[in-house]
Amino acid sequence: MGQQDLHRNTSEFAQAGDETLRQRGYRLTPQRHLILQILRAEQGHLTIEQLLERARQQYPSATLSTVYRTLDLLKELQLVREIHFPGEAVTYETFIERTHHHLVCRQCGSILHLDISSQRALYEAVQQQSGFHNITMDIMSTGYCGACWSEQQSNNVHKVEAAPTSIVHDQNN
Ligand SMILES: [Zn+2]
Ligand SMILES: [Zn+2]
C-alpha cells in the first residue's frame, strides 16, 4: 500500500467515523471528534499520554479519564484499535480494516503496516471455520528490518575476522 492510498483511506475513515457515532445514537462531542482527528492525523500509534498531551493543546481541561472513556467508546464502535506491542505501553490507532498486520523489528522496534491480499483469504477462512461473527484480526510478525539485519551481518563478519587474532593473543600469554 502506497502512502497515497493510506491518506485516501484515512480521510474516508474520517467522515465514516463521525457518521458511525451519529448513527449509533452517540453525540459527536468535541472531545470524541478531537480524539478521532488526532489519531487520524497521526497515522500511527499513540499512547494514552501522547493522546492526552495533544488533546490538551485544544482542550486544556481534558483529563486522562475523559480520554479513557472516549477511547472505550471508540473501541466499542470499532473506530479505534488498541494495540499491545511486546514490552511497550498500550497504543491506539484508527480502525481502518478488520484485518491489521504489524511487522515489528526485534532490534530497533520499528513498526511496519502490511497490507497483503492473503489477509482477506485468512479472514474468510477463520470466519467460515469458527462460525464467529464480526471478527477482527490483529496479526503481529517480528523480524529484523533491513538496517538492523545488515548491521548484524557486518558484526558477524567482524567477529569472524577478529577470532584468529584473539587466539594468537591468548597463546602468547
Ligand atoms: Zn498499526
Ligand atoms: Zn530494526
Matching option when the condition is at pLDDT 85 or above and in the same structural domain as Gly44 (by TED's automatic domain parsing), among Thr136, Thr91, Thr142 = Thr91
Residue selected from the range 16-47 under the condition in a helix (DSSP H, G or I) and aliphatic (A, V, I, L, M), by the criterion farthest from ligand 2 (Cβ to nearest atom) = Leu21
Could you please find all residues in the range 140-149 being in contact (Cβ under 8 Å) with a residue 40 or more places away in the chain and surrounded by 14 or more Cβ atoms within 10 Å (Cβ to Cβ)?
-> Met140, Cys145, Cys148
For Ser150, which of the numbered conditions (1) within 10 Å of ligand 1 (Cβ to nearest atom); (2) at pLDDT 90 or above fails to hold?
-> (1)
Filtered residue count, the range 77-129, keeping only those that are in contact (Cβ under 8 Å) with a residue 40 or more places away in the chain, assigned to a strand (DSSP E or B) and away from ligand 2 (no atom under 16 Å from the Cβ) = 9
Among the residues of the range 42-65, is there at least one that is within 20 Å of Met140 (Cα to Cα), under 19 Å from the mean Cα position of the chain (by Cα), within 11 Å of ligand 1 (Cβ to nearest atom) and surrounded by fewer than 16 Cβ atoms within 10 Å (Cβ to Cβ)?
-> yes
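The values are calculated or read from the model by the stated rules, or taken from the named source; none is laboratory data. Remember, predicted model here, so these are calculated numbers, not experimental data. Cβ coordinates were reconstructed from backbone atoms using ideal geometry, including for glycine residues, and neighbour counts include every protein chain displayed.
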